[in-house]
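Below you'll find the structure, written out as structure tokens, and then a few comments.
The values are calculated or read from the model by the stated rules, or taken from the named source; none is laboratory data. The model shown is predicted, which means the values in this text are computed figures rather than measured ones. No Cβ is skipped: glycine too gets one built from the backbone with ideal geometry, and neighbour counts run over all protein chains shown. In case anyone asks, the SASA skips ligands and DNA or RNA and just uses the protein heavy atoms, side chains included. Shrake-Rupley method; radii C 1.70, N 1.55, O 1.52, S 1.80 Å.
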Amino acid sequence: MHDEALRLLPGSPRVQAWQALGFQGRLRELFSLLSVGAPSKEAAWDRTCSMMLGKSGYRPPWSATPHEAGAWNIAQVTQLLEQAEVIVLSPESHAAVMAAASTLEPADVNTLQRDRDFTALSGLLVLPEPMVTVNRGGSLSDIAAFGWQPITQHQTHPTAEHPAVQIVPLIDRDGPVQPDGWTAMLAQARAQKMPFPRLLPDGPYSLPLDGPMVKADEAQRAQFAEMRRTLHDALNAVATPTDPSDIGTWDGGRVDDSQDDFATRYMFAFWRLTAQGISSTGHPHSPARPSSATA
């Protein structure tokens, strides 16, 4: 799956078009929210790009089109896959990470420390089975893996740069969520000899390293959490509802991700548990790749 993604992601116009469509929707929702009360559309667009792209490592000047943002994301994921160690998570470790992630608050995941929380600053964590999340608007995703790598956040309100870690969820092309529109797009891509790889990047997230929340007191963390909830409640209100026919047929367990924080909570829990040394890592008996490991 790792090698296939490296082979098929770069330069694929079909994948880039699909990525652009995703960025277009997310940018439109945030822009419509930030446009209210903004001094100009240009100012609202700058703030939108700062919050969505700059925070995830995109260096200004900002992209003029969602297509450029999608191409940038594919380049980021390609770089990640080229350097990341592949870690396959056992079902027992996955259950422990899920339990820990469920207890985390928004401010908690912003307390990462470079020297304490990381055994490796880049990696690809493959899950024992796809996790189905319910996103804004009611759409479903099936996450098969998470990648991470160090980045620099670029913000313009105020202008600043911060060390951070970028998190990229990778969805499962052949996972349990298979709406009609998705299968039709895959069939068309195969017919055009531009097939999608099994692992496909979703929109990136990021968490600051050694950020202000590390030393914040309880009142400051509560204020941060409330501000974040307010923002995502507003984004949920402007999200385009998903047509039930486009959701898919998966009837198993689902993770509510309406606050758009599951990826950061899951990875924060994984890093903290790994750093505490309560899990073990070893090479499988017949590794497909020399660098692959199980945890």
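Structural remarks
- Taking every C-alpha pair closer than 8 Å and separated by at least 6 residues, the mean separation divided by the residue count of the chain gives a relative contact order of 25 percent.
- Calculated FRET value between THR103 and THR65, using beta carbons and R₀ = 30 Å, to 0.05: 0.15
- ARG272 sits with roughly 50 Å² accessible to a 1.4 Å probe, with DNA, RNA and ligands left out of the calculation.
- As a fraction of the 1.4 Å probe accessible area of the chain, surface on carbon and sulfur atoms comes out at 54 percent.
- If R0 is 35 Å, the Cβ-Cβ spacing of GLN79 and ASP180 corresponds to a FRET efficiency of close to 0.55.
- About its Cα centre, the chain has a charge dipole of approximately 600 debye under the convention of +1 per Lys or Arg Cβ and -1 per Asp or Glu Cβ, with nothing else charged.
- Proximity of backbone amide H atoms, modeled 1.01 Å from N, is registered between GLN178 and THR249, TRP250 at under 5 Å, excluding neighbours fewer than 5 places apart on the same chain.
- For VAL255, the residues whose amide H sits under 5 Å from its own are VAL132, THR133, VAL134, ignoring neighbours fewer than 5 places away on the same chain, with H placed 1.01 Å from N.
- Note on MET194 and LEU6: the model spin-label points, each 7 Å out from Cα along the C-beta direction, lie 2.4 nm apart.
- Other residues within the sphere of radius under 13 Å centred on the Cβ of PHE118, judged by their own Cβ, net out at -1 (K and R +1, D and E -1).
- Largest-first ordering by accessible area, 1.4 Å probe, given options ASP257, ASP115, ASP174, ASP202: ASP115, ASP174, ASP202, ASP257
- Counted charge near ALA189, where neighbours are those whose Cβ lies closer than 12 Å (Asp, Glu -1; Lys, Arg +1): +4
- Heavy-atom accessible area with a 1.4 Å probe sorts SER90, SER56, largest first, into SER90, SER56.
- Computed label-point distance, nm, for sites GLU161 and ASP256 using a 7 Å Cα→Cβ extension: 4.1 nm
- A crude spin-label estimate for the pair GLU42 and ASP217, with each label 7 Å from Cα along the Cβ direction, gives 4.2 nm.
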